[in-house]
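The values are calculated or read from the model by the stated rules, or taken from the named source; none is laboratory data. Small disclaimer: the values here were computed from a predicted structure and weren't measured. Cβ coordinates were reconstructed from backbone atoms using ideal geometry, including for glycine residues, and neighbour counts include every protein chain displayed.
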Amino acid sequence: MDYSSIAILALLVHIVINFDVWRKADKDDIIPAHKSYRRFLFGVLLFYVADILWGLLYENGLKTLCYIVTVLFFVSMALSVFFWTKYITEYLEKNKMFRNIVSTCGIVFLTFESLVLLGNVFYPMMFEFKSDGTYVTYSLRFITLIIQVVIFFVISAYILIVGRTKVDKERFRHRTIGVSGMVMAIFIILQAGNPLLPYYSAGCLLTTCVLHTFVLEGTKDDYRKELEILINKDKARTKELGSARLMAYTDSLTGLKNKHAYMEDRNKKNNKMAAGNLKNFALIVCDLNELKKINDTLGHEAGDQYIRDAAATLNKYFKNCDIYRYGGDEFAVFIEGNNYANRNMMLIDFETAMEENALSGKMVLSSGMAVYSPKTIKHYKELFEEADKKMYQRKAYLKSLKK
């Protein structure tokens with residue numbers, strides 16, 4: 001149990017500090033090479049389990065089971081080395097030659113370790129258990145460990161050298177990974193010298209803690225900051241597009257929606273009518289009386305002010321409705337939603353004000369309203385024609401008030 005205690009502690013710490021990595025799916029990854037990093041962590045996890053079982057079985061003299069677990073021990077060790085090489089090349093290096101060399105080293109070592117373990121079943125050349133249950137190691141065990149030392153040492157030395165050319169956080173992370181690899185190499189040397197002490201588990205624990213604290217978390221913070229920058233840029237771009245769209249759909253003289261907006265919304269309403277999906281909709285069309293006379297007698301500046309007065313009046317009586325200036329002196333109001341129930345009252349108030357204006361010689365808008373009914377109207381054109389007809393009747397009436 002003394003041997004297994006270190007591996008048990010390492011396993012628990014390993015699970016706890018990497019909990020966020022275990023629970024996230026690949027689609028949620030926000031760091032480079034996260035898939036390879038997770039595989040590396042699983043390789044280490046498998047090694048801890050094998051190390052725990054080895055200690056328990058060996059202390060209880062269960063020779064056959066202990067042999068099987070020892071094979072798992074070395075396989076998981078080789079897998080962790082292989083996934084470590086995959087992770088650091090994907091995370092740190094874009095140099096294709098370096099990636100290929102390091103990846104090849106990981107594959108060759110994994111293959112070599114597997115072949116040695118397979119051969120060891122037939123002829124002990126790596127380890128065996130004597131009849132009394134004593135664990136005995138041979139030269140190939142030592143060789144496989146030294147190969148790992150070389151892999152960790154050479155790759156880590158290269159990372160440290162390359163890290164000197166980097167700046168700030170990138171340099172720090174190169175150095176961190178390089179130093180952690182060197183530390184792992186030292187613990188493997190200790191493991192090679194004493195097979196009955198869990199130096200490899202201690203080295204893995206230290207290495208993964210360092211990677212998680214100084215590399216993984218730091219990288220995640222950087223990516224969060226980059227993501228925030230991208231989000232802010234996207235918001236600014238959306239705001240700019242919204243402003244551009246608003247300008248494109250707004251009449252510059254009155255601030256109402258313009259002809260382009262009217263045509264687009266008209267087509268949408270027409271499509272809904274054709275599909276039978278439009279409910280509670282009324283259209284009011286308006287025409288500004290005597291605009292030509294004002295332009296001819298008082299000038300276009302006065303005519304522009306006359307149009308602005310008409311827009312202000314429409315905004316006053318048809319609040320929260322979509323109001324359009326789709327022609328020089330032509331306006332349209334879409335009444336729907338909560339305003340639909342009050343359409344008649346709004347129109348009565350508006351027409352009463354226009355009658356008073358007509359009597360006092362002020363700005364006058366003639367209006368006509370048509371209410372959509374799917375039973376009688378199938379297209380927007382029909383609705384518009386009905387409203388337009390009523391508007392001309394209204395115009396004739398308002399003119400008669402001035403006589």
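Points worth noting:
- Of the helices (runs of 4 or more DSSP H) lying entirely inside segment 255-332, none contains at least 3 residues that are outside the structural domain of A370 (by TED's automatic domain parsing), at pLDDT 90 or above and among the acidic types (D, E).
- Any chance I146 is under 23 Å from G193 (Cα atoms) and at pLDDT below 90: no
- Neighbours by Cβ (under 6 Å, 6+ apart or cross-chain): first from segment 156-184, farther than 24 Å from V81 by Cβ; second in a helix (DSSP H, G or I) and of a type outside the set (V, I, T): K166/H174; R171/G163
- Yes/no for F98 being of a type in the set (F, W, Y) and modelled with pLDDT of 90 or more: no
- Check on G203, at pLDDT 85 or above and either in contact with a Ser or Thr (Cβ under 6 Å, 6 or more places away or on another chain) or more than 20 Å from L79 (Cα to Cα) (or both): no
- Identity of the residue in segment 367-403, more than 28 Å from G276 (Cβ to Cβ) and in a loop (DSSP other than H, G, I, E, B), that ends up modelled with the highest pLDDT: K402
- Top-ranked residue of segment 264-315 - restricted to ones that are among the charged types (D, E, K, R), surrounded by 12 or more Cβ atoms within 10 Å (Cβ to Cβ) and more than 43 Å from the chain's Cα centre (by Cα), ranked as farthest from D388 (Cα to Cα): D304
- Test: I146 is assigned to a helix (DSSP H, G or I), without any contact (Cβ under 8 Å) to a residue 24 or more places away in the chain and surrounded by fewer than 18 Cβ atoms within 10 Å (Cβ to Cβ): no
- For segment 44-68, a tally of residues being of a type in the set (V, I, T) and surrounded by fewer than 20 Cβ atoms within 10 Å (Cβ to Cβ) returns 3.
- Residue in segment 15-27 that is more than 22 Å from F142 (Cα to Cα), modelled with pLDDT of 80 or more, surrounded by fewer than 18 Cβ atoms within 10 Å (Cβ to Cβ) and among the small types (G, A, S) present: no
- Residue-level check: of (1) assigned to a helix (DSSP H, G or I); (2) closer than 21 Å to Y200 by Cα, R99 misses just (2).
- Evaluated against (1) loosely packed, with under 11 Cβ neighbours inside 10 Å; (2) of a type outside the set (S, T, N, Q); (3) under 26 Å from S156 (Cβ atoms), L110 falls short on exactly one condition, (1).
- Set side by side, the residues F334, F350 differ, and just one is of a type in the set (F, W, Y) and under 15 Å from D309 (Cα atoms), which is F350.
- Leading residue by the ranking (farthest from P195 (Cα to Cα)) among those in segment 94-117 that are touching a residue at least 40 places away in the same chain (Cβ under 8 Å) and of a type outside the set (V, I, T): F98
- Checked against (1) at pLDDT below 85; (2) of a type outside the set (D, E, K, R); (3) surrounded by 13 or more Cβ atoms within 10 Å (Cβ to Cβ), L9 passes all but condition (1).
- Only one entry in G61, G55 is over 20 Å from I177 (Cα atoms), of a type in the set (G, A, S), modelled with pLDDT under 90 and outside any helix (DSSP H, G or I), namely G61.
- Single match in D309, D304, D265 (criterion: in contact (Cβ under 8 Å) with a residue 40 or more places away in the chain, in contact with a Lys or Arg (Cβ under 8 Å, 6 or more places away or on another chain) and among the charged types (D, E, K, R)): D265
- In summary, Y37 fulfils each of the numbered conditions (1) modelled with pLDDT of 85 or more; (2) of a type in the set (S, T, Y); (3) within 24 Å of K86 (Cα to Cα) with the single exception of condition (1).
- Looking only at segment 185-194, residues that are of a type outside the set (G, A, S) and touching a residue at least 40 places away in the same chain (Cβ under 8 Å) come to 3 in all.
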